[in-house]
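Working notes, beginning with the structure itself.
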Amino acid sequence: MKRHKNGSKQYLTKMGTRKKVQAFVRVRPTDDFAHEMIKYGEDNKSIDIHLKKDTRRGVVNNQQTDWSFKLDGVLHNASQDLVYETVAKDAVSQALDGYNGTIMCYGQTGAGKTYTMTGATENYKHRGILPRALQQVFRMIEERPTHAITVRVSYLEIYNENLFDLLSTLPYVGPSVTPMTIVENPQGIFIKGLSVHLTSQEEDAFSLLFEGETNRIIASHTMNKNSSRSHCIFTIYMEAHSRTLSDEKYITSKINLVDLAGSERLSKTGSEGRVLKEATYINKSLSFLEQAIIALGDQNRDHIPFRQSKLTHALKDSLGGNCNMVLVTNIYGEAAQLDETLSSLRFASRMKLVTTEPAINEKYDAERMVKNLEKELALLKQELAIHDSLSNRTLVNYDPMDEIQIAEINSQVRRYLEGTLDEIDIINLRQIQEVFNQFRVVLSQQEQEVETALRRKYTLIDKNDFAAISAVQKVGLMDIEGNLVGEPDGQSFGLGVAPFSVKPGKKAKTKKTPKDQFSSSARKEGASSPVSGKEFDVASVSKTQLIPSSKDGDLKDTLARERETSSIEPLISDSPKEELRAPRPSTPPSRTVAFEEFKNERGSEINRIFKENKSILNERKKRASETTQRINAIKQEIDETKEALNFQKSLREKQGEYENKGLMIIDEEEFLLILKLKDLKKQYRNEYQELRDLRAEIQYCQRLVDQCRHRLLMEFDIWYNESFMIPEDIQVALKLGSSIRPGMVPISRIVCLGEDDQDRFSHLQQTVLPEGPDSITFYNAKVKTEQKAYGSIRRAWWRAACIINALNLRRTGVDQGYDKPIRP
């Protein structure tokens with residue numbers, strides 16, 4: 001067990017047993033799998049690689065042709081569900097018990113690392129380890145009602161050896177002014193400048209995940225169209241406090257989900273320019289990572305080179321630290337990629353040599369610790385009180401002394417020194433300490449009094465002040481030998497002796513007033529307690545409270561009479577009007593019937609607006625559906641045209657190509673197909689832009705419909721309560737001009753507005769999804785992210801329209817009265 005101190009906080013770590021890092025291999029599915037070169041073991045935990053010898057090396061050929069790698073599992077043709085159950089489920093479940101966890105995906109570019117970690121966000125079934133881990137965390141929190149668990153997340157990107165916050169685009173975060181740095185503290189590694197976000201529900205966590213995914217840097221090369229160009233670390237922080245126990249200890253943990261960028265061979269990827277620079281940084285950081293893993297696997301190494309790169313430094317407490325470490329190595333199954341596959345498997349075997357020591361992270365809550373100590377102190381005081389009562393010591397008080405008690409002890413000490421008091425009664429240890437303290441106070445006061453009296457009657461001369469000594473000799477107060485008249489007092493002062501006739505008798509002692517005693521004792525002990533203040537001022541307070549009490553009573557009586565008069569007069573004046581009101585039915589009608597009546601009378605205007613907005617919304621949805629059908633038809637026609645065009649190209653290549661002055665000659669049919677494909681793509685872009693605009697309008701219209709529905713329900717509920725539910729004797733209070741306004745009457749419940757077919761379909765779509773009800777939060781977060789992206793695109797369009805309009809006005813010289821662009 002280790003104890004760490006950081007300021008006023010203490011951190012306790014229970015040492016665990018050492019264990020090896022778990023290493024799994026996932027093979028990317030391919031039609032061209034090298035069955036002769038890659039073999040799996042019967043236990044599905046080993047993989048064998050066989051290469052044919054290169055005959056070009058001659059007869060003497062020592063080339064290694066066989067390799068065997070022992071791992072914790074081989075995932076071949078495995079679904080996302082099976083991968084998560086095998087790799088990450090145990091590490092995530094142990095995180096809620098206080099164990100840190102790290103899950104890392106490693107492999108060459110295009111091997112499926114990002115798909116394994118994040119998955120396809122468009123399909124719920126194909127989601128990866130990261131969204132499944134978030135779901136498991138919140139499911140387990142629901143199963144633990146006895147603990148208050150807080151979840152926070154962060155998303156870090158390492159691009160070209162620079163740190164970036166993928167969640168800095170959120171409106172309440174904003175970009176950091178200073179660059180982010182890696183800081184080490186007793187708790188572990190801390191990224192200074194990285195935003196950490198509190199998530200109270202699953203949908204919020206998904207929204208943050210999708211927000212970060214949209215900010216990742218990707219590029220395209222020959223081996224991967226969507227290649228990640230940076231290392232990303234998504235961290236889930238958890239903090240669990242017990243709701244039932246009063247223990248000041250609580251546990252913390254974190255899960256690092258690491259998606260590494262893939263290693264690349266430039267001869268295969270053909271990277272150039274910026275992509276080439278990114279590949280250089282990626283390969284360099286992965287090389288440093290492998291060096292750190294080799295050093296961790298060597299038990300004789302004392303120094304581990306964590307600071308060689310930002311990646312290894314950020315993962316210092318995850319690589320060989322106190323956490324559950326899991327590695328997923330993604331490889332190709334094709335013969336052309338066998339060299340990279342061997343390199344990735346070697347990395348996995350080296351990782352299995354690294355040992356970790358998972359431990360529970362416990363911390364102490366300072367506030368709860370203080371409360372527990374106060375409770376224990378109160379119990380100890382009660383035990384002392386019981387002990388004193390059994391020992392017939394009922395007057396013992398263990399509380400800190402107030403000013404009155406300190407003044408009493410000071411008086412006892414003075415009387416004891418004067419001889420008027422024979423002994424001081426000892427009650428407890430606190431009183432003994434205060435008695436000695438008051439002895440010191442009295443002694444200091446008497447020294448000051450003596451010195452003041454001497455200075456008032458005598459002249460004190462410093463022996464080292466030669467000018468004063470010569471002046472005294474002239475006056476005759478010093479003898480011929482240079483000695484002062486009188487005896488030195490031991491403080492380098494000479495005391496001049498006055499004539500006997502003017503010597504004072506016994507000096508009367510000057511006593512301090514009670515006010516001075518209180519002030520001096522207060523300076524020694526501190527502020528007075530509330531009890532002493534009340535006892536000290538009881539006489540003055542009782543005198544000042546007699547007269548105001550009678551005045552307050554008269555004032556209250558006057559106000560009460562005014563309220564009664566003001567409440568009676570409106571009732572008398574309004575009584576004739578109440579007789580003219582139509583009597584209401586004895587039993588209120590059903591809310592359905594009353595709602596129809598309300599829509600035709602008082603709520604007719606709101607109902608009309610609601611119907612108009614509803615019709616506009618349905619019309620936009622119908623147009624969006626038709627546009628979607630047209631887009632699908634155009635997409636299908638584009639695919640057919642591409643197939644026909646590819647057929648024409650292949651046919652031309654077989655028949656032979658003709659050139660004229662360096663230009664390729666094609667037949668008329670292929671030329672018409674190219675023109676048709678160009679027109680179809682233009683139509684597709686126009687239709688897709690129209691669909692985007694329609695979706696934004698549908699979202700706006702839906703919000704208006706929801707607002708109208710809510711307003712209609714609220715007005716109906718107020719009208720129904722005022723008309724049928726409130727007693728008649730209270731109805732008069734709701735008249736126009738009274739103190740009670742419509743809507744102030746408590747509402748028992750809100751009646752749902754009847755849903756139409758479209759609303760029922762939307763509700764059915766949410767409850768009966770093909771993947772089950774668990775996918776609702778996943779899709780809701782995805783839709784919110786897409787809507788935010790559409791909103792940013794529309795804002796950019798608006799800014800561009802304003803700039804174009806301003807340029808046109810500047811060109812034409814018009815500065816006033818122009819038409820502004822209509823904001824969508």
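Does K621 satisfy the condition of being open to solvent by 60 Å² or more (accessible area, probe 1.4 Å), basic (K, R) and assigned by the TED database to the domain that holds D706? Answer is no for this residue. In the set (1) in contact (Cβ under 8 Å) with a residue 40 or more places away in the chain; (2) in contact with a Leu (Cβ under 6 Å, 6 or more places away or on another chain); (3) under 27 Å from N283 (Cα atoms), the condition left unmet by Y159 is number (2).
Quick check, is F206 part of a helix (DSSP H, G or I) and either among the basic types (K, R) or at pLDDT 85 or above (or both)?
Considered against the rule, which asks whether it is part of a helix (DSSP H, G or I) and either among the basic types (K, R) or at pLDDT 85 or above (or both), F206 comes out as yes.
Scanning segment 224-239 for residues that are in contact with a strand residue (DSSP E or B) (Cβ under 8 Å, 6 or more places away or on another chain) and modelled with pLDDT under 90 yields N226, S227, S228, R229, S230.
Filter segment 387-415 for residues that are part of a helix (DSSP H, G or I) and open to solvent by 100 Å² or more (accessible area, probe 1.4 Å); which is nearest to Q446 (Cα to Cα)? By that ranking, first place goes to H387. For E213, the conditions (1) at pLDDT 85 or above; (2) in contact with an Asp or Glu (Cβ under 9 Å, 6 or more places away or on another chain); (3) part of a helix (DSSP H, G or I) all hold with the exception of (2).
In summary, P358 fulfils each of the numbered conditions (1) under 31 Å from the mean Cα position of the chain (by Cα); (2) open to solvent by 50 Å² or more (accessible area, probe 1.4 Å); (3) in contact (Cβ under 8 Å) with a residue 12 or more places away in the chain with the single exception of condition (2). Among residues of segment 616-627 that are within 14 Å of D693 (Cβ to Cβ), those with a beta-carbon under 8 Å from a residue that is surrounded by fewer than 15 Cβ atoms within 10 Å (Cβ to Cβ) at least six positions away or on a different chain give the pairs K621/Q758.
Take the residues in segment 454-472 that are part of a helix (DSSP H, G or I) and of a type in the set (A, V, I, L, M); name whichever of them is modelled with the lowest pLDDT.
V472
Looking only at residues in segment 361-371 that are in a helix (DSSP H, G or I) and surrounded by 14 or more Cβ atoms within 10 Å (Cβ to Cβ), the one that is nearest to the chain's Cα centre (by Cα) is R368.
May I ask you to verify whether S271 is assigned by the TED database to the domain that holds S344, farther than 17 Å from I129 by Cβ, free of Cβ contacts under 8 Å to residues at least 60 places away in the same chain and crowded, with 17+ Cβ neighbours inside 10 Å? The answer is yes for S271.
Among the candidates Y106, Y115, the residue that is in the same structural domain as G320 (by the TED database) and under 19 Å from M351 (Cα atoms) is uniquely Y106.
Here S220 fulfils each of the conditions (1) more than 20 Å from N324 (Cα to Cα); (2) surrounded by 19 or more Cβ atoms within 10 Å (Cβ to Cβ); (3) among the small types (G, A, S) apart from (2). The set of residues from segment 606-629 being of a type in the set (K, R) and under 25 Å from Y684 (Cα atoms) comprises R620, K621, K622, R623. Of the residues E659, E668, E605, the single one that is under 30 Å from Y720 (Cβ atoms), surrounded by fewer than 12 Cβ atoms within 10 Å (Cβ to Cβ) and modelled with pLDDT under 90 is E605. Going by what's in this entry, would A292 be described as more than 26 Å from V173 (Cβ to Cβ), buried (at least 18 other Cβ atoms within 10 Å of the Cβ) and among the small types (G, A, S)? Yes, satisfied. Looking only at segment 136-175, which residues are more than 15 Å from the chain's Cα centre (by Cα) and closer than 14 Å to F234 by Cβ? Across segment 136-175, the qualifying residues are V137, E157, I158, F164.
The set of residues from segment 308-340 being of a type in the set (S, T, Y) and either touching a helix residue (DSSP H, G or I) at 6+ places or on another chain (Cβ under 7 Å) or not assigned by the TED database to the domain that holds A292 (or both) comprises S309, T312, T329, Y332. Here S195 fulfils each of the conditions (1) more than 19 Å from Y159 (Cα to Cα); (2) of a type in the set (G, A, S); (3) in a loop (DSSP other than H, G, I, E, B) apart from (1). So, S318, is that one in contact with a Ser or Thr (Cβ under 6 Å, 6 or more places away or on another chain) and either open to solvent by 20 Å² or more (accessible area, probe 1.4 Å) or closer than 23 Å to I255 by Cβ (or both) or not? Answer is yes for this residue. Would it be correct to say that N330 is at negative phi, open to solvent by less than 10 Å² (accessible area, probe 1.4 Å) and outside any helix (DSSP H, G or I)? So N330 passes the test.
In segment 668-684, the residues that are over 21 Å from R652 (Cβ atoms) reach residues that are loosely packed, with under 15 Cβ neighbours inside 10 Å with C-beta atoms within less than 7 angstrom, at least six apart or across chains, in these pairs: Y684/K635.
The values are calculated or read from the model by the stated rules, or taken from the named source; none is laboratory data. The shown structure was predicted, so the numbers you read here are calculated from the model rather than taken from an experiment. Using ideal geometry, Cβ is built from the backbone for each residue, glycine included, and neighbour counts are taken over all protein chains shown. Each accessible area value is taken on the protein alone, full model and side chains, heavy atoms only, with ligands, DNA and RNA left out. Shrake-Rupley method; radii C 1.70, N 1.55, O 1.52, S 1.80 Å.
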